[in-house]
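Asks: Below is one structure. I have some questions about it.
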Amino acid sequence: MSSDEKPAAAPRSLAEALRGRDDTSLAALLRSRPDLITPVPSDLTQLATRAGTRASVVRALERLDRFALQTAEALAVAGDPATYGELLGLVAGDARDPEVTAALPGALAALREQALVWGADDRLRLVRTARELLAPSAQHPSPTGLGPSVQEATAGMSPGRIQEIVATAGLPSTHDSVSAVGALTSLFTDRKRMAGLLAGAPAESLEVLERLVWGPPYGQVTHDPAVRLRWLLDRGLLLPTAPGTVVLPREVALHLRAGRAHRAPEPVPPAVGAAAGHRPQVVDATAAGQAYTALATVEELLQDWDEGGPAVLRAGGLSIRDLKRTAVALDLPEPVAAFWVELAYAAGLLASDGEADERYAATPAYDDWLERPPAERWARLAEAWLAATRTSGLVGGRDAKERALSTLGPGLDRSAAPEVRHRVLVLLAGLPEGAAPDTEAVLARLSWERPLRGPQTAQGEDDLRTRLARWTLAEAELLGVTGRGALSAHGRALLGTPADRAPKDASPTPQGPGDKLPVHHRAGAAGPEPLSTTGRARAAATAARLLAPLLPEPLDHVLLQADLTAVAPGPLKRPLAAVLGVLADVESKGGATVYRFTPASVRRALDAGRTASDLHAFLAAHARTPVPQPLAYLIDDVARRHGRLRVGAASAYVRCDDDTLLNEILADKRATALRLRRLAPTVLAAQADPATLLEGLRAMGFAPAAESAEGDVLITRADAHRTPPRTPPEPVPDGPPVPDATLLSAAIRAIRAGDLASTAPLKPADTTAPLAPGELPRTSPAETLATVQAAVLTGEALWIGYVNAEGAASQRVIAPVRVEGGFVTAYDHTADEVRTYPLHRITGVAELAGD
C-alpha cells in the first residue's frame, strides 16, 4: 500500500458493512435470507434495518447448523465488540481443540454471509437482536447455560455490599462501585489468581459450584445460608439476584469450564454410517417391486372410488369410518392407507367433486395417468411425494386447538416436509451404493444441521423434523424409492444433477480484514440446493428411464384351475385386468394374483352387457390352460337364469313368463320386506324402488335383470365418476421463495441506486446548500429542464423525484442522454435500462456531488 493510500475505515454499523460488500456477496445474503427482499428495500440502510428485525433474525438462526449456532451463542456472551481471539477462547476453550479451531473460520464466515455478524476480526459484532435472543437473562437462560456477568448481576447491589465482597476476595478497596466491580471481574477472568482463590475453598463449596457450572446457573438459598454457601457469597462467587435466589456469575463459570462456552462443541457433523449392506442389483430389484406395488395400490384405491368415493366431512377430509373401510379394501393398516390416499391427492389424481352431496372421486388427470407407461406413472407419484407439504403421519393426531386431524382434511401441511425429505435422500445418497443407513445416525445428522427447528416437547416426544425424517424413511420404502433401506438407482436419480438445481451464487469474496473464507465454507453445510421446477421434471424423467427395465412386463394370459379360480402369474395388461376384474373377484394378491369365479361375479359380467358366448371366448383367448368344465357350467347356468325376471319402475315391478317362479318368490319369507303382490299371472308389484328390489332378489339367489320403460334390458356398466378438472394442492411454502438470478440482479441494482441517492451529497439546482441525505429535491419546471440539459452535456448523474401516471411517487438515479419534446431519455441506474420520462412528472432534480 502506498503512503498516499489510507486503510479502509472499520464499519460503524451493519449498513456500512453491507455497503462494503460486492454484488456477489449481497446476492448470497439475499438468497439465504429471501425475506429481506420482500419487498425490495429502498437502500442498504433499510436492508440492514430489516436484517435486524426479530422475525428475520429468528428465521436466520433457525437455518444455522449446530456449530454456527454455537459460535453465535458464544458471541452473545462475549464482549461487544469481541476479538477473534476472545471468540476462539469461548468456543475452543483453553485447550484450543484443533477441530474447533479449524472449523471456526467457516462458521464465522457463514454468520457474516447471513449478516448476523459484522465487523473485522478485531471488532466482531453480533446483530443486536440476535444478542438479545441468545444472551442470558433472568427471563430466558442462555443456551450455553451461562448466567449474567458480574457487572449485570451486581447492578442493583448496594455499594457497601460490593466493597465487602471485594475486601473478602482479597482485593484492595476502591472509591466507587464501578471500579470495585471492574476489580472483581478482573480477578474472576485471571486464570492464575482465580485458581489461587478457589484453592482455599471448602470442598462442599466447590461441589456447589460444580452443580451450577454447566447450568442452569441459578440456585435457591435460605434466609440463613449454610457455611458452604456463605463462603461463596462473601467472595462474590455466587451473587444474589432476588430474595432467596443466587446466580453463578458468567466469569466464574467460564473459569470452571476452562474457558468454554459450551460443554461439548460440535464442529463436525455426525457421520451417517451404514447399518447394513446389500448388492445394488438386489436393492434396485426390491425397490422396483415396491414401485410396482405402489402403482397397483393407487390404482386399486381409485378403482374402489370409481363410482364415487367417501363423503367429504363438513370440516373437510375423510371420516374415521371411511378410512377404516378403505384400509380394509386395500388390505393395509390405516396409517399406510392414509399415506396412499394423501399421495394420490398430492399427485392430483383424486379430489372432491364439488357436488351438493360432496364426495371424493378420481379426477380426469387419473385417466391420463393410467394411459402412461408404468415407470412414468411412478415418477409422477414420486415427484409429488417429494414436493408435498401435506403429511399423512399426522393423521389421527390433534392440532393446536385439540381438533382431530383427518385424512384429506385441513391442518396436515408442514412446510418443512419437502426439505426434510430432500435432506434424508441426500444423506442416503452419500452412502456407498446398496448401503442402508443407521436411522439414529440420520436423525442425529438432521438435528445437527437444524438444531433450532422444532424443539422437543416437554413430554420428550420427538421434534417435528425427527418425525418427518422417520416418516420419510418409511414412505420411501413403501414408494420404492429405497429397497431394503438403501437408496435405489432410480431413487438417486430423483435428486437430480447440479444442472437441475436452482442457480446458486458463487461464494462471497472477502470483504476486508478478517473476512477470510476457509476452504470448507459452511454456507452449504446442509447440503445441495433443492431442485428447480424444471430440474425436478428432468430428474423424474431420468428416474423413470432407470426404473422402466426393472418393472415386470404385463402378461396377456391367466391360468384357469378346476376350483373356479384363475391365477395371474404377474401383472396383467390393462384390458385383460379390467375384464377379469368384473368377471371374477380378487381372492389374494402378491407375486401372483388369484381370482375366484362366483355366480355373483359372473352375473356382474352379464349385467355389464357380456353374453355367455362372449365370456367363453374371452376365457379361451386368454387362458394358457383349457377352460375347466365347472367354470363353463357356471357361466352357462348363470346365463340361463339371467334376465328371466325383469324389474322395472312402477313403484317397482317384477315380470316373468314363468308364473311358477313368481309363486316361488311370493312363498319365500325373505321377500316379506319387499312387500310384493301379484298384479297378473306374470307380474308382481313391489313397494320398493327398483334398485332395492334388484338387490333383494339377488340376495335370495335369483338373477333378475333391470329393464327400461320400453321393456329393453338395461346394461348396468359401472359409470366412472369423475370430478371436474382439478389442480393438485399447492405445497405450503416455508417462508418467502428463494429469488432467482434475474430477481436478485434487479433487486441489487435497485438497492445500490437507492443507496447512492440516499448517501451521496446532493446539490439542489437552485442553491449551493447541499440537501440532507434522503431529502427529496423540489425544483421548478425551468430549473428542472436546465439541470437536465446541463447533465446531458456533462454526463453527470442526477437524483430525481418522479410521479408516474398512477400517482405513485419514487426516487431514481438517472444519467440523461437527450432532452426533446418535453421528455428526457436517460439511463436509469435503478432499473439498469434506458427509459424515457415526461419532464412534467419530475417533481425535482438534484446533482450527485462528486468526491
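Asks: For the range 171-220, which positions are under 14 Å from L233 (Cα atoms) and more than 52 Å from the chain's Cα centre (by Cα)?
Replies: Listed by number, the residues that qualify are L197, A201, P202.
Asks: Shifting gears a bit: Of a type in the set (D, E), surrounded by fewer than 18 Cβ atoms within 10 Å (Cβ to Cβ) and part of a helix (DSSP H, G or I): does that describe E440? Walk me through it before giving the result.
Replies: Numbers: of a type in the set (D, E): yes; surrounded by fewer than 18 Cβ atoms within 10 Å (Cβ to Cβ): yes; part of a helix (DSSP H, G or I): yes.
When the stated conditions are applied, E440 passes them.
Asks: Need a quick list: helices (runs of 4 or more DSSP H) entirely within the range 546-662 having at least 2 residues that are closer than 22 Å to A703 by Cα and not aliphatic (A, V, I, L, M).
Replies: Counting at least 2 such residues, we get 599-607, 612-622, 629-641.
Asks: For the structure I just gave you, tell me whether A543 is in contact (Cβ under 8 Å) with a residue 60 or more places away in the chain and either touching a Gly at 6+ places or on another chain (Cβ under 8 Å) or exposed (fewer than 14 other Cβ atoms within 10 Å of the Cβ) (or both). Before you say what the answer is, go through the steps one by one.
Replies: Working: in contact (Cβ under 8 Å) with a residue 60 or more places away in the chain: yes; either touching a Gly at 6+ places or on another chain (Cβ under 8 Å) or exposed (fewer than 14 other Cβ atoms within 10 Å of the Cβ) (or both): yes.
When the stated conditions are applied, A543 passes them.
Asks: Select, from A68, A95, A55, the only residue that is in a helix (DSSP H, G or I) and surrounded by fewer than 18 Cβ atoms within 10 Å (Cβ to Cβ).
Replies: On the way: A68 fails: surrounded by fewer than 18 Cβ atoms within 10 Å (Cβ to Cβ); A95 fails: in a helix (DSSP H, G or I).
Just one listed residue meets the conditions, A55.
Asks: Got a sec? Which of W448, W378 is among the aromatic types (F, W, Y) and either surrounded by 21 or more Cβ atoms within 10 Å (Cβ to Cβ) or touching a Ser or Thr at 6+ places or on another chain (Cβ under 8 Å) (or both)? Lay out the reasoning, then the answer.
Replies: On the way: W448 fails: either surrounded by 21 or more Cβ atoms within 10 Å (Cβ to Cβ) or touching a Ser or Thr at 6+ places or on another chain (Cβ under 8 Å) (or both).
Going through W448, W378 in turn, the sole match is W378.
Asks: If you scan the range 279-314, which residues turn out to be free of Cβ contacts under 8 Å to residues at least 60 places away in the same chain, of a type in the set (A, V, I, L, M, F, W, C) and more than 23 Å from A361 (Cα to Cα)?
Replies: none
Asks: Quick one: A10 ticks every box in (1) out of contact with any helix residue (DSSP H, G or I) (no Cβ under 7 Å at 6 or more places or on another chain); (2) among the hydrophobic types (A, V, I, L, M, F, W, C); (3) farther than 24 Å from A261 by Cα; (4) in a helix (DSSP H, G or I) except a single one, so which number is it?
Replies: Evaluating A10 over (1) out of contact with any helix residue (DSSP H, G or I) (no Cβ under 7 Å at 6 or more places or on another chain); (2) among the hydrophobic types (A, V, I, L, M, F, W, C); (3) farther than 24 Å from A261 by Cα; (4) in a helix (DSSP H, G or I) leaves (4) as the failure.
Here is a yes/no grid of residues against (1) within 26 Å of D80 (Cα to Cα); (2) assigned to a loop (DSSP other than H, G, I, E, B); (3) touching a His at 6+ places or on another chain (Cβ under 6 Å):
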| residue | (1), (2), (3) |
| --- | --- |
| A120 | yes, yes, no |
| R161 | no, no, no |
| A167 | no, no, no |
| P172 | no, yes, no |
| L184 | yes, no, no |
| F188 | yes, no, no |
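Asks: Let me ask something else. Condition first: assigned to a helix (DSSP H, G or I), under 20 Å from A261 (Cβ atoms) and among the hydroxyl-bearing types (S, T, Y). Can you find one or more residues in the range 214-221 that meet it? Walk me through it before giving the result.
Replies: Of all residues in the range 214-221, those assigned to a helix (DSSP H, G or I) come to none.
For the range 214-221, residues assigned to a helix (DSSP H, G or I), under 20 Å from A261 (Cβ atoms) and among the hydroxyl-bearing types (S, T, Y): absent.
Asks: Do you know which residues across the range 235-270 are within 41 Å of the chain's Cα centre (by Cα) and on the phi > 0 side of the Ramachandran plot?
Replies: A258, G259
Asks: Pick out the one residue from G273, G215, G289 that is surrounded by fewer than 21 Cβ atoms within 10 Å (Cβ to Cβ), at negative phi and at pLDDT below 90.
Replies: Details: G215 fails: at negative phi; G289 fails: at pLDDT below 90.
None of the other options fit; the residue is G273.
Asks: Report every pair of residues separated by at least 6 positions or lying on different chains whose Cβ atoms are under 8 Å apart, first residue within the range 599-623 and on the phi > 0 side of the Ramachandran plot, second surrounded by fewer than 19 Cβ atoms within 10 Å (Cβ to Cβ).
Replies: Filtered contacts from the range 599-623: G609/I715; G609/R717.
Asks: Return yes or no: is V117 within 25 Å of S32 (Cβ to Cβ), surrounded by fewer than 24 Cβ atoms within 10 Å (Cβ to Cβ) and of a type in the set (A, V, I, L, M, F, W, C)? Spell out the reasoning first.
Replies: Values: within 25 Å of S32 (Cβ to Cβ): yes; surrounded by fewer than 24 Cβ atoms within 10 Å (Cβ to Cβ): no; of a type in the set (A, V, I, L, M, F, W, C): yes.
No; evaluated as a whole, the condition is false for this residue.
Asks: Of all residues in the range 229-258, count the ones that are surrounded by fewer than 19 Cβ atoms within 10 Å (Cβ to Cβ), in a loop (DSSP other than H, G, I, E, B) and touching a residue at least 60 places away in the same chain (Cβ under 8 Å).
Replies: 1
Asks: Six or more apart or on different chains, Cβ atoms under 6 Å: show the pairs whose first residue is in the range 86-115 and at pLDDT below 90 and whose second is buried (at least 18 other Cβ atoms within 10 Å of the Cβ).
Replies: Filtered contacts from the range 86-115: G93/G259; G93/R260; D94/G259.
Asks: While we're looking at this one, here's another question. When you check L370 against the structure, is it assigned to a helix (DSSP H, G or I), out of contact with any strand residue (DSSP E or B) (no Cβ under 6 Å at 6 or more places or on another chain), in the same structural domain as R380 (by TED's automatic domain parsing) and modelled with pLDDT of 95 or more, yes or no? Lay out the reasoning, then the answer.
Replies: Details: assigned to a helix (DSSP H, G or I): yes; out of contact with any strand residue (DSSP E or B) (no Cβ under 6 Å at 6 or more places or on another chain): yes; in the same structural domain as R380 (by TED's automatic domain parsing): yes; modelled with pLDDT of 95 or more: no.
So L370 does not fit the description; no.
Asks: Follow-up. Just give me the residues in the range 410-420 being in a loop (DSSP other than H, G, I, E, B), touching a Leu at 6+ places or on another chain (Cβ under 7 Å) and not basic (K, R), in sequence order.
Replies: Once the filter is applied, which keeps residues that are in a loop (DSSP other than H, G, I, E, B), touching a Leu at 6+ places or on another chain (Cβ under 7 Å) and not basic (K, R), the range 410-420 yields G411, L412, A416.
Asks: Go through the range 373-402 and give me each residue that's in a loop (DSSP other than H, G, I, E, B) and either hydroxyl-bearing (S, T, Y) or in contact (Cβ under 8 Å) with a residue 24 or more places away in the chain (or both). Before the answer, list the steps.
Replies: Taking the range 373-402 and keeping what is in a loop (DSSP other than H, G, I, E, B), we get 373, 388-389, 391, 395-397, 399-402.
Within the range 373-402, P373, A388, T389, T391, V395, G396 qualify.
Asks: Let me ask you something else. Taking the residues in the range 552-609 that are within 41 Å of the chain's Cα centre (by Cα) and hydroxyl-bearing (S, T, Y) as candidates, determine which candidate is surrounded by the fewest Cβ atoms within 10 Å (Cβ to Cβ).
Replies: That would be S588.
Asks: Do we have V420 as assigned by TED's automatic domain parsing to the domain that holds K324, at pLDDT 90 or above, of a type in the set (V, I, T) and buried (at least 21 other Cβ atoms within 10 Å of the Cβ) here? So that I can check it myself, show each step before the final result.
Replies: On the way: assigned by TED's automatic domain parsing to the domain that holds K324: yes; at pLDDT 90 or above: yes; of a type in the set (V, I, T): yes; buried (at least 21 other Cβ atoms within 10 Å of the Cβ): yes.
In short, yes.
Asks: Which is of a type in the set (G, A, S) and free of Cβ contacts under 8 Å to residues at least 24 places away in the same chain, of G219, G145, G215, G160?
Replies: On the way: G219 fails: free of Cβ contacts under 8 Å to residues at least 24 places away in the same chain; G145 fails: free of Cβ contacts under 8 Å to residues at least 24 places away in the same chain; G215 fails: free of Cβ contacts under 8 Å to residues at least 24 places away in the same chain.
It is G160.
The values are calculated or read from the model by the stated rules, or taken from the named source; none is laboratory data. Given the structure is predicted, the values throughout are model-derived calculations rather than measurements. A quick note on method: Cβ atoms are made from the backbone with ideal geometry, for glycine too, and the neighbour counts reach across all protein chains shown.
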